[in-house]
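Enquirer: Attaching a single structure in structure tokens format; questions to follow.
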Amino acid sequence: MIEHLELFFKSIFIDNMVFAVFLGMCSYLAVSKKVSTAVGLGAAVIFVLGVTVPLNWLLDQYLLKDGALVWLGPEYADYNLSFLSFILFIATIATMVQLVEIVVEKFSPSLYNSLGIFLPLIAVNCAILGGSLFMQAREIPNLGLALNYGVSSGIGWFLAILAIAAIREKIRYSNVPAPLRGLGITFIITGLMGIGFQSFGGMLTGDNEPPEEPTATTTVAKEEKEIKKELEDKEKTVSYNEVINK
Amino acid sequence: MALLSKKDTNLILDPLADNNPITIQVLGICSALAITAELKASVVMAVSVMFVLAMGNVAISLLRNVIPSKIRIIVQLVVVATLVIIVDQVLKAFAYELSKTLSVFVGLIITNCIIMGRFEAFALGNGPWKSFLDGIGNAAGYGIILVIVGFFRELLGSGTLFGFKVLGDPVTKTGLYSIGYENNGFMIIPPAALIVVGIIIWVQRSRNRSLIEEA
């Protein structure tokens, strides 16, 4: 239970699709002019991620992983088909999107009208393929967690596009410098929102921080850690000051 | 006869500035931002995209009269995915460290909107040679932005370029660091990429005011 909760919050806030890894930026920028369309696209992304991530998890587990074919018999144990994962994942996604479109059109025309036009857009949304690839890279252990990961990353993306659409609706009344209007200011706002979301970074680490990984982290990553530590130290001193004042 | 007619040259040069895929057409931003903390990764990414886009454009353009328009998206995805698998395997074989840094973003070239966008907008309606040039041009326009962002983020964030300490050593305090210069850690975190691209758009549109969007 606790691991589900942890993954849920982590995928929404800390590893937010838009602010931490920049996935699905194209549709994020193109479809965020109005809140209502943003909500439609966001809902479609949650739905498709929730379907494709578990499906691709099954594919990865029983077809692609190193030794995944062992259920066919012991002689298949040393097959590693993971180089095929890109093509299989994208085929699954394209097929699922098409299938969902047909099913929704048949059974719920009203939902189709609000959501349907976004579905073809989604087949080539990086957030969807990214969800599956990150699921594979992070080695999510079971189907339940994979479903959780898909849905919660979708919710994170939904929140991001909802927020930027609301800001863009309001910013029309502001006096933005002419060359920055439209795309430019959207980039900068997203950057600022991203900085805000960075502050969720320490949320789940708490006291029992795992020992630093001995793997070859690049200098960049190291410096990032140092900066984070500095920031944490600063926060600590601030809270001490408050205590002293009290 | 010249190898490139004037029209062909425009196919390559236009996307570099006034019709840039990232800053004007708003395509391919997804993968552009996440890997630009280091210049080396940006260059490798730009070259990979150029390979995939040029080859894919040629393939789609050759197939353009055979593909039924209803299933063209799936055909396009298969072509891109095949090319990306080649890139991924080559990177894993010859530059393993780098392929770890790029991790899933190599795979995400498949859903890079530039590629689908150019297939749809250009390769489906033009011959192979023109499509090839269009692919090279657009990938170069994408690469230029990547390299600019990567250059500033690595220089200001880590004080290095391609891993060489061009500004001196921050630990032993040589070069610029001896007069009190500090690296700007802000440039390394992901949101900085967005702000750098925002500033590039600002500069570009101030220089060419016809690009300014109506509010």
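The values are calculated or read from the model by the stated rules, or taken from the named source; none is laboratory data. Just so it is clear, the model here is predicted, and its values are computed rather than measured. Every residue, glycine among them, receives a Cβ derived from its backbone with ideal geometry; neighbour counts consider all protein chains shown.
Enquirer: Could you run through the stretch A:118-139 and say how many residues are at pLDDT below 80 and loosely packed, with under 14 Cβ neighbours inside 10 Å?
Expert: Summing the residues that are at pLDDT below 80 and loosely packed, with under 14 Cβ neighbours inside 10 Å in the stretch A:118-139 gives 1.
Enquirer: Filter the stretch B:94-133 down to the residues that are among the small types (G, A, S) and surrounded by fewer than 17 Cβ atoms within 10 Å (Cβ to Cβ), then identify the one that is nearest to the other protein chains (Cβ to nearest Cβ).
Expert: It comes out as B:S103.
Enquirer: Can you find, within the stretch B:161-187, the residue that is nearest to the other protein chains (Cβ to nearest Cβ) among those that are in a loop (DSSP other than H, G, I, E, B), within 29 Å of A:N16 (Cα to Cα) and out of contact with any Lys or Arg (no Cβ under 7 Å at 6 or more places or on another chain)?
Expert: B:N183
Enquirer: Limited to the stretch B:40-68, what total is found for residues that are within 13 Å of chain A (Cβ to nearest Cβ) and surrounded by fewer than 23 Cβ atoms within 10 Å (Cβ to Cβ)?
Expert: 2
Enquirer: Go through the residues of the stretch B:125-136 one by one and say whether even a single one is in contact with an Asp or Glu (Cβ under 6 Å, 6 or more places away or on another chain) and outside any helix (DSSP H, G or I).
Expert: No: the stretch B:125-136 contains no residue that is in contact with an Asp or Glu (Cβ under 6 Å, 6 or more places away or on another chain) and outside any helix (DSSP H, G or I).
Enquirer: Which residue pairs have Cβ atoms under 8 Å apart, sit 6 or more places apart or on different chains, and have a first residue in the stretch A:127-141 that is more than 7 Å from chain B (Cβ to nearest Cβ) and a second that is charged (D, E, K, R) and part of a helix (DSSP H, G or I)?
Expert: That search, which allows pairs on different chains as well, returns A:M135/A:D60; A:Q136/A:D60.
Enquirer: Condition check: more than 21 Å from A:N16 (Cα to Cα) and within 11 Å of another protein chain (Cβ to nearest Cβ). Does A:I171 satisfy that?
Expert: In short, yes.
Enquirer: OK, next. Output the helices (runs of 4 or more DSSP H) that fall wholly within the stretch A:1-100 and possess 2 or more residues being surrounded by fewer than 18 Cβ atoms within 10 Å (Cβ to Cβ), or say none.
Expert: Counting at least 2 such residues, we get A:2-9, A:35-59.
Enquirer: Right, something else. Within the stretch A:181-201, is even one residue part of a loop (DSSP other than H, G, I, E, B) and at pLDDT 50 or above?
Expert: yes
Enquirer: Moving on to the next point. Return the residue satisfying two criteria in turn: it lies in the stretch B:188-215 and is more than 7 Å from every other protein chain (Cβ to nearest Cβ) and assigned to a loop (DSSP other than H, G, I, E, B), and of such residues it is surrounded by the most Cβ atoms within 10 Å (Cβ to Cβ).
Expert: By that ranking, first place goes to B:N208.
Enquirer: Something else: (1) of a type in the set (F, W, Y); (2) more than 18 Å from A:V39 (Cβ to Cβ); (3) surrounded by 21 or more Cβ atoms within 10 Å (Cβ to Cβ): which one isn't true of A:Y173, the others all being true?
Expert: With respect to (1) of a type in the set (F, W, Y); (2) more than 18 Å from A:V39 (Cβ to Cβ); (3) surrounded by 21 or more Cβ atoms within 10 Å (Cβ to Cβ), A:Y173 is out only on (3).
Enquirer: Looking at A:I189, is it within 14 Å of chain B (Cβ to nearest Cβ) and either without any contact (Cβ under 8 Å) to a residue 24 or more places away in the chain or buried (at least 22 other Cβ atoms within 10 Å of the Cβ) (or both)?
Expert: No; evaluated as a whole, the condition is false for this residue.
Enquirer: Restricting attention to the stretch A:72-90, does a residue exist that is within 14 Å of chain B (Cβ to nearest Cβ) and under 20 Å from A:I155 (Cβ atoms)?
Expert: Among the residues of the stretch A:72-90, not one is within 14 Å of chain B (Cβ to nearest Cβ) and under 20 Å from A:I155 (Cβ atoms), which makes the answer no.
Enquirer: So which residues in the stretch B:48-94 are of a type in the set (G, A, S) and modelled with pLDDT under 85, if there are any at all?
Expert: B:S69
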